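Below is one structure, written out as structure tokens, with a few remarks after it.
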Amino acid sequence: MQNRCFVIQSNRATRVMKRLEHLFEAALFGSRWLLAPLFAGLMVAVIALLVKFFKELWNLLSGLFTLTAQESVVSILTLVDVALLASLLLIIALSGYENFVSKFALGDHEDRPGWMGKVGFSDLKIKLIGAIVAISAIELLKAFVNVTDTQMTHEQLAWKVGIHLTFVVSGVLFAVTDLIMAKAKSKPDK
């Protein structure tokens with residue numbers, strides 16, 4: 001009789017623990033929605049970049065006949081820089097949401113970008129470092145084009161080059177690491 005009571009109590013305790021485990025797992029899984037405002041914030045940042053883009057475009061167009069060739073090039077590089085950064089934010093927001101929060105229910109919408117649903121964390125990391133390298137290269141090019149106007153010292157230029165090279169080396173190392181990981185995954189287990 002005593003063994004039977006112990007078995008019943010043990011079964012109750014197991015059911016209670018299973019229920020607690022299920023509730024914990026459901027809450028943990030639901031917490032992924034805490035990321036959604038972060039991705040929405042990135043879209044607000046894209047709006048801010050859109051305003052900056054049009055401000056720079058206005059400056060370029062309004063000074064079309066008064067800007068020097070050098071100033072025009074810097075202005076155009078700034079437009080490219082802003083466009084790259086906005087694209088990067090869009091990729092991070094959309095693929096981050098889709099990878100970590102919820103799938104988009106767009107079906108086969110004709111405007112759905114081809115990369116959506118295919119960009120995993122590793123791909124996102126490579127796209128991110130690639131965009132950072134491109135943005136760094138544009139900033140470096142702007143510094144070199146503007147070197148006489150900005151009174152930039154050789155040391156400041158050297159730092160910019162060093163930082164850019166750090167991004168390039170990091171990007172190559174990320175790519176090599178992903179290549180090694182992909183080869184390791186594709187090898188059949190022995």
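There is no residue in region 60-68 that is assigned to a helix (DSSP H, G or I), of a type outside the set (Ser, Thr, Tyr), at pLDDT 90 or above and within 27 Å of Gly120 (Cβ to Cβ).
Cβ-Cβ distance below 9 Å, separation of 6 or more or different chains: which pairs start in region 14-38 with a residue that is under 20 Å from Ile92 (Cβ atoms) and in contact (Cβ under 8 Å) with a residue 60 or more places away in the chain and end on one that is among the small types (Gly, Ala, Ser) and part of a helix (DSSP H, G or I)? Matching pairs, first to second residue: Leu35/Gly96.
In region 148-190, what residues are among the β-branched types (Val, Ile, Thr), at pLDDT below 85 and closer than 24 Å to Ala83 by Cβ? Hit for region 148-190 is Thr150, nothing else. Candidates are the residues of region 71-103 that are in contact with a Gly (Cβ under 9 Å, 6 or more places away or on another chain) and farther than 20 Å from Leu128 by Cβ; the one that is surrounded by the fewest Cβ atoms within 10 Å (Cβ to Cβ) is Lys103. Sub-8 Å Cβ pairs linking a first residue in region 82-97 that is modelled with pLDDT under 90 to a second residue that is among the hydrophobic types (A, V, I, L, M, F, W, C) and not in a helix (DSSP H, G or I), at least 6 apart or interchain, are Ile91/Trp115; Ile91/Val119; Leu94/Phe104; Leu94/Met116; Ser95/Trp115; Ser95/Met116; Ser95/Val119; Tyr97/Phe104, ordered by first then second residue. Might you let me know whether region 23-41 holds any residue that is among the polar types (S, T, N, Q), under 21 Å from Ile132 (Cβ atoms) and either in a helix (DSSP H, G or I) or over 17 Å from the mean Cα position of the chain (by Cα) (or both)? Looking for residues that are among the polar types (S, T, N, Q), under 21 Å from Ile132 (Cβ atoms) and either in a helix (DSSP H, G or I) or over 17 Å from the mean Cα position of the chain (by Cα) (or both), one finds none in region 23-41, hence no. Here Phe39 meets each of (1) in contact with a Phe, Trp or Tyr (Cβ under 9 Å, 6 or more places away or on another chain); (2) modelled with pLDDT under 90 with one exception, condition (2).
The values are calculated or read from the model by the stated rules, or taken from the named source; none is laboratory data. Only a predicted model underlies this, so the values are computations on that prediction, with no experimental measurement involved. Backbone-built Cβ (ideal geometry, glycine too); neighbour counts: all protein chains shown.
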